[in-house]
Amino acid sequence: MLRQFDKPLHQTQIGIEGAKNNKSALWCEGKPYNPKETEEKIYRLWEKSGYFNPDNLPVSKSKPHTLHPKPFCIIMPPPNANGSLHLGHALMLTLEDIMIRYKRMQGFKTLWLPGADHAGFETQIVYDKIVEKEGRNRFEIPAEKLFKEIWNFTQKNKVAMENQIRRLGASCDWSREKFTLDKDIVLKTQDTFIQMYKDGLIYRDNRLVHWCSKHQTGFSDLEIIHEEKSDPLYYIKYGPLTVATVRPETIFGDVAVAVNPKDKRYINLIGKEIEADVIIAKLKLKIIADSSVDPDFGTGAVKITPAHDINDFEIWQKNKDKIEKPKEVINKYGKMDLVRYFGDGEDVKKYEGLKVLEARKLIVEDLEKRGLIEKIDATYRHNIALCYKCKNPIEPRLMSQWFVRMTAAPHAQDQKSKIKNQNFSMSLRDMAVKVVKSGKIKFIPKRFEKIFFHWMKNIRDWNISRQIVWGIKIPAWQCQDCGYWMVVRNKPAKCVKCGSKKIERDSDVFDTWFSSGQWPFLTLGFNKTKSENPKSEIRNSKHGNDFKTFYPTDVMETGWDILFFWVARMIMLGLYRTGKIPFKYVYLHGLVRDAYKQKMSKSKGNVINPIEMIEKYGADALRMALIVGNTPGTDLAFSEEKIKGYRNFANKIWQATRFIVMNIKDIKLVGQIKLTASDKKLLKEFEMLKKKITKQIESFNFYLAAEEIYHYFWHVFCDKIIEENKSRLKEETMKNMEDRDAARYVLLEILKGSLKMIHPFMPFITEEIWQNLPGKNKNKMLMIEKW
RNA sequence: GGGCGGUUAGCUCAGUGGUAGAGCAUUGCAUUCACAUUGCAAGGGUCAUAGGUUCAAAUCCUAUACCGCCCACCA
C-alpha cells in the first residue's frame, strides 16, 4: 500500500482534473455546516440507491469472480411500537449502523434487518392509559374490539417510528422489515409452541404465579422486582404454638404448620394436629416437618398458606398426601374471599371483599381482642415482590398456566416429537450455557458472561401465559367437559379424550418475549419450506434464502437491561428451533443517563429527545456524542453540551473541506506528483491510523475509534497538517508548481481517507461532502466506497 | 443471602507490566489570512487504603474501606 507513494503519480490517478465541474456554490459560502439542508436529501439518495438491501450491493471489482461475498447480518432489536424513539434507541441504532456501514464498505453482503415489536404487556399498559383518559375501562371492552384498537394504535406508531429511525441515518433494509404480529411470525411462533409441547418442553400446570391485581395478569419471574420494606411481624398464638407472620390475613388459608425436623422444641408434635382459633373458625392444622424451616427465625414454627405464598406452596407440594388442599382466600382483585369456605356468617362477612391491607388491620385488631397476639416485632424488615410496572405488591395466586421447561431435558410426549432425530438431549438452559462457555457466542463486554451464567444457574421454569388481549394467541384448546388440553393450531372437532364437542380456546396470549425470543430466525424466514403447517408459508418468496445466507447472524447489539428477558431466550429458543446459535457476538450497551448520571425520566424533567437534538444539531452530531466515551456495558453520562461539541466537529470537517477544495478547484496539476519526505511520512502515519481504527472497530471499541478519528482530523490534520501546508499552496510563498501539487495531493488523500473513516460514525455530512468532492466517480457513493 | 462491577485531573471516563491520557471545564494570549461552532499556550492527579509478586505495578495477587448494579421463595 505504501509503495504507491514512492513512485510519481499522474494527475489522472488522483482525480483532481474534474475540479472545475464542482458545484462551487456549496463551498464558497462561508456559512457553518447546516445539517438540515443535507440530511433528508442524503437519506433519500441512499434509499433510492437500493444499497440498504444486500441483494443490490455491487460485487467487488477487484474480485469479480466473487459472486457470493461473505454475509454480515445484524437483526435490529425491534423498538416497541407504542411510543417514540428515545436516546436508548438512538444509541442502539448508531452502534449498529456503525458496524453495518463499516462492513458494507468492506465489501460484505451486509444486511441490517429492521422491525417493530408489538410489545405485548408494555403496549397494553400504554393503551390502557389512553382508554382510561377517555373514561373507559379496558376490562369492559370486548377483547376483539380492544385488540383492533391497539392494532391501529401500534400501526400509527410504527410508521412514525420508522421515520425517526430514518432521521438517525440508519442504513437498514426496509424491504425486509418485520413486525412481531406479521402473519408468518405469529404462525411460526405458534408452531414453536406446538413443537415444544410435543417435545415435552412445554407443559401446563396449576401452581402459584406472580399475579398483579391491578393489571390482572400473571408474570414470569423476571417481571417482578423486590424491594426492602418495613412491616410489623405478628406473633400469633396457634393453639399450643405461636407462629410469626407479616400477613395475618392469610391465616384463613392455612392448612398446616411446619417446623424443622431437627427442632427439639417441636419434635414431639410432628404428625400431630393442633387447633387454631382464627376468629371465624377453629382450624385443625397438622404439624409437618420440613428442613427449609429455619428454627432461628420467629418461633421456628411456620403457618402454611399454600395458595398465597410461594414457599408454603412448595412445602405443600412435598406434603400433599399429608395435608389438605390449598384454600384460596384472596381473589384475583386482591380482596378477601371467605364465604365460600366459611359460610356467610356475620363474622365472616365482616372481612369478605376487603382489600388485603384493610383486612389485615381489622384482623390484627380482632386477634388482639381475643388475646391471640403474643407480640409484634415492629423492627422487622423484609423483601417483598412488586409488579415491575405499577410497583404494587404481587399477590401470588394459584393458576393454571403454560410453562417452558428450562432445566430438564426434553422428552417425547407426542408421537410427532422430533427430539429423537434432532439430537436434543440437553435442557434449554444447558444448551445455552454450553455455547457461551465454549465461546461460540461471545459477550462484549465479557463480564456479562458471568452474569449470564449466574442467572442461568438459578433459572426456573418460565410462565408464558399472559391474561391480556394484546399478543399472540396460544394455540391450545380445552375440552369444557373433561378439561383435557389439546395443543394444535386449529380448533379440534372434538375432544380426543372424551369425544365432547365443547371445545374452547385458551384466552391467554404469549409472554411477548416468547415470540421475540425467536426473532432472529423468524425474521430470516426459518423453515419456510418445511413448515409444520403449510398455511404458514406466506413469506415473500424473494427473500426465501435469507435464513440460509444470514443465519447465524453476526452481532446482537442491545441494552444489558434485557440480557435475561431477551438475549438468553433468543439463545435457548434459537438453539432449540434451528440447532444453531442465533448470533456470534452479543454487544451490550449501557443506559443513557443525564450529565449527573441520573436516570432520565419525565418526572425529573431531564429527558433528552433525540429527534429534537437532530433538529438542533444534526444526526451526525448526536450519533458521535452517543459513541465517543461510551464503553460497552457501562451507562453513559450524556448532555446537550456534548452534542454541541460534535456539531462543532461537523462544522470543522465542513470548513476544512472547503479550504482544501478551494485550493484545488480550477487549478490543473502540472505534471507528476513528487512527494517530499515529510509528505510520505504523513501518508505513512495516516496508513497507521487506518490500521489502528480498523482494529478498534473490529474489536468493538467504537468509542476509541470515534475518539481517535476525531482527534486526528481536528488536532492533527486541521491544526498541524493543513496549517503547515498553507504556504505550499499560496502563490506568494509557493516554491514551485510540483511542490504545490504534492501538497494538494496529500491534503486531498488524507481528507478522502478521513471521510471514509468518519462515515460510519457521521454518515450524512461525509456523504454530502463526498458527493461534492472534485473528481469523484459519478454516482459512486461513499456508503459503498472501499474501506 | 448469592453474584458482578467500580474507586485515575474540577466533571465524565480511557489506559491492564515499562517515564500518568482524552473530552469537557478553568486560566492567559491571539484573531480581517477555511472555520469564533476558531487557534496557540498553561495550570491541574503521591491512579481509594494496606500488604505482597516483580528489575519495574494505575496495571498482577491478597485484604480492607467506600460506592453502584444484578439475582434471590426466611414466614
Value of Rg to Rh for segment A:121-207 (Rh from inverse mean 1/r over Cα pairs, i.e. Kirkwood):
1.08
If a helix is a whole DSSP H run, which ones in chain A reach 18 Å or further along their own axis (Cα) and hold a mean Kyte-Doolittle hydropathy of at least 1.6?
none
Working with all protein chains in place, sort A:Lys349, A:Lys735, A:Lys584, A:Lys198 by solvent-accessible area computed with a 1.4 Å probe, largest first.
A:Lys735, A:Lys349, A:Lys584, A:Lys198
Gyration tensor (alpha-carbon) shape descriptor, segment A:247-406, a/c threshold 1.5:
rounded
Counting only DSSP beta bridges with both partners in chain A, the antiparallel fraction in percent, to the nearest 5, comes to 70
Rounded, prolate or oblate (a/c below 1.5 giving rounded, otherwise prolate when a/b exceeds b/c) for segment A:618-722 by Cα gyration tensor:
oblate
Cα gyration tensor of segment A:633-787, axes a ≥ b ≥ c as square roots of the eigenvalues: rounded (a/c below 1.5), prolate (a/b > b/c) or oblate?
prolate
Could you tell me which GluC sites (Glu not before Pro) in segment A:628-733 are loop residues by DSSP with no more than 16 other beta carbons within 10 angstrom of their beta carbon?
A:Glu731, A:Glu732
Distance between segment A:370-397 and segment A:259-317 - C-alpha centres, whole angstrom:
19
Carbon/sulfur accessible area of chain A, % of total, 1.4 Å probe, equals 50
Considering amide H positions built from the backbone, and no H for Pro or chain starts, which residues 5 or more places from A:Ile330, or on another chain, come under 5 Å of its amide H?
A:Asp337
Tell me what chain A gives for mean residue ellipticity at 222 nm when only DSSP H runs of n ≥ 4 count, each as -39,500 (n - 2.57), the sum divided by the residue total, rounded to 500 deg cm²/dmol.
-11000 deg cm²/dmol
Restricted to Cα positions, what overall size does chain A have along the principal axes? Three whole-Å values, descending.
111, 58, 53
Solvent-accessible ranking of A:Phe443, A:Phe565, largest area first, probe 1.4 Å:
A:Phe565, A:Phe443
What whole-number value in Å² describes the accessible area per residue of chain A for a 1.4 Å probe?
45
Subset of A:Lys286/A:Lys369; A:Lys183/A:Lys502; A:Lys272/A:Lys320; A:Lys214/A:Lys604; A:Lys214/A:Lys335 violating a 22 Å alpha-carbon distance limit:
A:Lys286/A:Lys369; A:Lys183/A:Lys502; A:Lys214/A:Lys604
Evaluated at 25 °C and 0.890 mPa s, the Stokes-Einstein D of segment A:717-782 based on the Kirkwood radius over Cα pairs, in µm²/s, stands at 187
With viscosity set to 0.890 mPa s and temperature to 25 °C, compute the Stokes-Einstein D of segment A:561-639, Rh being the Kirkwood radius across alpha carbon pairs; µm²/s, no decimals.
165
Once A:Thr676, A:Thr110 are ranked on solvent-accessible area with the largest value leading and a 1.4 Å probe, the list reads A:Thr676, A:Thr110
Cut-off under 5 Å, modelled amide H: who pairs with A:Leu208 long-range:
A:Met399
Give the long-range amide H neighbours of A:Phe72: residues separated by 5 or more places, or on another chain, with amide H under 5 Å away, using H modelled in the peptide plane at 1.01 Å from N.
A:Lys109, A:Thr110, A:Leu111
How much of A:Lys491 can a 1.4 Å solvent probe reach, expressed as accessible area in Å² and rounded to 10?
120
Bin width 5 Å, origin at 0, all Cα-Cα pairs of segment A:385-502: what percent of pairs per bin?
2, 8, 11, 14, 16, 16, 14, 10, 5, 3, 1, 0
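The values are calculated or read from the model by the stated rules, or taken from the named source; none is laboratory data. Just so it is clear, the structure is predicted and the values come from calculations on it, not from any experiment. Note that each Cβ is placed from the backbone with ideal geometry, even for glycine, and that neighbours are counted across all protein chains shown. Only protein heavy atoms, including side chains, enter the accessible area calculation; ligands, DNA and RNA are left aside. Shrake-Rupley method; radii C 1.70, N 1.55, O 1.52, S 1.80 Å.
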